[in-house]
Amino acid sequence: MFSFLVNIPANAKWTQKGVTVAGGNGKGGATNQLNTPLGLFVDDNQTVVIADTGNNRIMQWKNGDTTNGQVVAGGNGAGSGLYQLYHPTDVLIDKETD
């Protein structure tokens, strides 16, 4: 099962030229790579947050920074430890309490 929350204004417009904002450097575990990304969340500041399932981590890219993401959760191997995740599949950020 997949979930996806979208809030697109009726007057939204997109440019015709796409820009890679996360990953794009092949499959891997570096901060400029993803491995089986599944969940995606974009906040009001255009910060992109991705569930990097294959790397057992949640990655974040701030608006304007397309070179390296930041690990914000997990990234220490698969597991149930305090600093570990086990194949995260989704991302949801509560605007009131993040």
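Report the residue count in segment 10-66 for those that are in a loop (DSSP other than H, G, I, E, B), free of Cβ contacts under 8 Å to residues at least 24 places away in the same chain and closer than 18 Å to K95 by Cα.
Counting residues in segment 10-66 that are in a loop (DSSP other than H, G, I, E, B), free of Cβ contacts under 8 Å to residues at least 24 places away in the same chain and closer than 18 Å to K95 by Cα gives 5.
Inside segment 56-70, can you point out the residues that are within 11 Å of the chain's Cα centre (by Cα) and under 19 Å from N45 (Cβ atoms)?
Passing the criteria: I58, M59, Q60, W61, K62, G69, Q70.
Please verify whether I8 is aliphatic (A, V, I, L, M) and at pLDDT 90 or above, treating the condition exactly as stated.
no
So which residues in segment 27-53 are under 19 Å from Q84 (Cβ atoms), touching a Lys or Arg at 6+ places or on another chain (Cβ under 8 Å) and surrounded by 17 or more Cβ atoms within 10 Å (Cβ to Cβ)?
Listed by number, the list holds a single entry, L34.
Determine if segment 67-74 includes at least one residue that is without any contact (Cβ under 8 Å) to a residue 12 or more places away in the chain and either in a loop (DSSP other than H, G, I, E, B) or among the small types (G, A, S) (or both).
No: zero hits.
Just the residues that are surrounded by 13 or more Cβ atoms within 10 Å (Cβ to Cβ) and part of a loop (DSSP other than H, G, I, E, B), please, taken from segment 75-85.
Selection gives G75, N76, G77, Q84.
L92 passes all but one of (1) closer than 22 Å to G28 by Cβ; (2) not in a strand (DSSP E or B); which number fails?
(1)
The values are calculated or read from the model by the stated rules, or taken from the named source; none is laboratory data. Since this is a predicted model, take the numbers as computed values, not measurements. Don't worry about glycine lacking a Cβ; one is built from the backbone with ideal geometry, like all the others, and counts go over all protein chains shown.
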